[in-house]
1. Condition check: β-branched (V, I, T), outside the structural domain of P146 (by TED's automatic domain parsing), out of contact with any Asp or Glu (no Cβ under 8 Å at 6 or more places or on another chain) and at pLDDT 55 or above. Does I31 satisfy that?
2. Could you please find all residues in the range 42-72 being of a type in the set (D, E, K, R) and touching a residue at least 60 places away in the same chain (Cβ under 8 Å)?
3. Would you call T151 out of contact with any Asp or Glu (no Cβ under 7 Å at 6 or more places or on another chain) and either modelled with pLDDT under 95 or of a type in the set (A, V, I, L, M) (or both)?
Amino acid sequence: MTILTLPTRDWLQTLRSNYVILTLFLCWNLIDATPAIAANLSSDFLKQPATEITVNLGNAANELKFEPNHLEFVTGKRYNLKLANPSQLKHYFTAKDFADGIWTQKIEAGKVEIKGAIHEVELKPGGEAEWVFVPLKSGNYSLRCPIAGHTEAGMIGEIIISN
């Protein structure tokens, strides 16, 4: 006759301790490897040709709108968003949630190149900028110009990122 014995508390405690140690080890190695992973990803992204898309903030008639006001991107593809302000008013390209879901390689404006996290771009009359980025997170995002009266007048848009 075989007697079934249940594990002791010591055995369960040892198993829990080993699980915690293994989990901490894996997390530490993942955190330690993150810069290398990011470097490899950015290197892969830089090898892609950038798809160019032009967006006008306003127009020569000083209408308060984005042209086009509906933008679609695909995760993992590299884009060069050419922003232009042909109007006589300054405008903003503001889409914070969108900006949080992309990897920005750079923004170029004149003889200046900006790198890092970007949440909005201001274009003065006649201004131009190029925003090179790779979408990482799919979703629907709102675009607007937050200058008083501009959003209300229709200077809004939609950005869709799909997989």
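The values are calculated or read from the model by the stated rules, or taken from the named source; none is laboratory data. None of these values were measured; they are calculated from a predicted model. Here the Cβ is made from the backbone with ideal geometry for all residues, glycine too, and neighbour counts use every protein chain on show.
1. No.
2. Correct list: K65, E72.
3. no
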